[in-house]
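Down below is the structure, laid out as structure tokens.
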Amino acid sequence: SYIVSSDNVTKVSPVISGTSFGLIPYSAGTANISVRAVSTSGAMSGTITFKVVVTSSSTISCSSFMVIPVKTEVTCHGGTDGSLFLSPKGGTKPYTYKWSTGRTDNTIANVPAGTYTVLVTDSNTCTRFESYTITEPSALEITPSVISPKSAAGNGEVSVAVTGGTSSYSYKWSSGGTSLKIENIFAGQYTLTVTDGKSCKTVQTISVGNTNAPVATVDT
């Protein structure tokens with residue numbers, strides 16, 4: 001994480017969000033800005049200090065404006081189909097945009113889950129600094145429970161528990177089953193494909209042994 005401070009907040013004040021920050025000048029003067037990086041353990045891992053000089057104290061009259069986001073969450077865990085579309089209201093057109101991704105228009109698309117920041121500036125240099133989080137479902141996971149068949153009898157079974165993704169789930173076994181459980185099976189390998197409510201898929205192959213089978217020894 002980061003800590004940003006100013007030794008003269010009446011002249012220049014920092015505003016921070018995530019790993020991005022901006023500077024708000026209030027009047028002509030000088031301020032020293034310090035950016036400190038903090039590790040997860042709480043220890044300081046680096047500091048940068050620089051001077052900001054405000055050369056004009058002229059006041060710009062900014063009418064209030066807001067930024068209305070239209071957000072699309074990521075469909076499947078690990079996907080990259082998230083998006084954000086911004087629609088500013090108020091202020092003075094036209095607007096300019098500076099995203100944490102480097103884009104300079106009002107839209108980011110085909111992005112993974114995460115937090116994205118944007119600085120929106122109108123034609124009077126009035127600004128809005130916004131931060132948005134795109135989410136994703138948790139990963140689809142299959143937890144199997146296996147009962148091995150006894151000897152040559154095809155009386156084994158496999159049942160599964162499914163978590164993550166978006167309910168409801170559908171199931172397709174390589175043996176033809178379409179439910180949480182397959183029964184009366186022989187030893188072998190069985191592949192299960194689980195599809196969630198948003199058509200996200202996960203595939204797992206489950207081995208079914210035959211621990212009670214006789215052991216054959218060849219003696220030449």
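Just need the relative contact order of region 124-178 here, percent rounded to a whole number, with Cα pairs under 8 Å and 6+ apart. Kindly include the intermediate steps, with their values, before the conclusion.
Details: 47 pairs, mean separation 16.2, N = 55.
Across region 124-178, relative contact order equals 29 percent.
Expressed as a rounded percentage, what relative contact order does the chain have, with Cα pairs under 8 Å and six or more residues apart? Please list the in-between numbers first.
On the way: 497 pairs, mean separation 26.8, N = 220.
Relative contact order for the chain comes out at 12 percent.
Given the protein chains as shown and a 1.4 Å probe, how many square angstrom of Ser58 are accessible, to the nearest 10?
Ignoring ligands and nucleic acids, Ser58 comes out at about 90 Å².
For Thr166 and Thr220 in the same chain, what is the full-extension length gain: residue separation times 0.36 nm, less their Cα-Cα distance, in nm?
Full extension of this stretch gives 13.6 nm more.
Note down the nm distance, to one decimal, between modelled labels 7 Å out along Cα→Cβ at Thr205 and at Thr72.
Going from the Thr205 label point to the Thr72 one covers 3.5 nm.
Ignoring ligands and nucleic acids, what accessible area does Thr59 show with a 1.4 Å probe (Å², nearest 10)?
130
Fully extended, how many nm does the chain gain between Thr47 and Ala139 (0.36 nm per residue separation, minus their Cα-Cα distance)? Walk me through the numbers on the way to the answer.
Numbers: separation 92, 0.36 × 92 = 33.12 nm, distance 3.74 nm.
Taking 0.36 nm per residue and subtracting the Cα distance, the gain is 29.4 nm.
Going by the alpha-carbon gyration tensor, a ≥ b ≥ c the square roots of its eigenvalues, is region 54-127 rounded (a/c under 1.5) or, if a/c is not under 1.5, prolate (a/b greater than b/c) versus oblate? Write out the running numbers ahead of the final one.
Working: a/c = 3.51, a/b = 2.34, b/c = 1.50.
Cα axes put region 54-127 in the prolate bin.
How much accessible area per residue does region 108-220 have, counting only protein heavy atoms and a probe of 1.4 Å, in square angstrom? Mind showing how you got there, number by number?
On the way: 6440 Å² over 113 residues.
Ligands and nucleic acids excluded, the result is 57 Å² per residue.
Ignoring ligands, DNA and RNA, please state the percent of accessible area on region 115-195 from carbon and sulfur, probe 1.4 Å.
Numbers: 1980 of 4150 Å².
The value for region 115-195 is 48 percent carbon and sulfur by accessible area.
Run the quick spin-label model on Thr107 and Val15: label points 7 Å from Cα toward the beta carbon, then report their separation in nm to one decimal.
2.6
The values are calculated or read from the model by the stated rules, or taken from the named source; none is laboratory data. Just so it is clear, the structure is predicted and the values come from calculations on it, not from any experiment. Virtual Cβ from ideal backbone geometry, glycine too; neighbours counted across all protein chains shown. All accessible areas refer to the heavy atoms of the entire protein, side chains included, with ligands and DNA or RNA removed. Shrake-Rupley method; radii C 1.70, N 1.55, O 1.52, S 1.80 Å.
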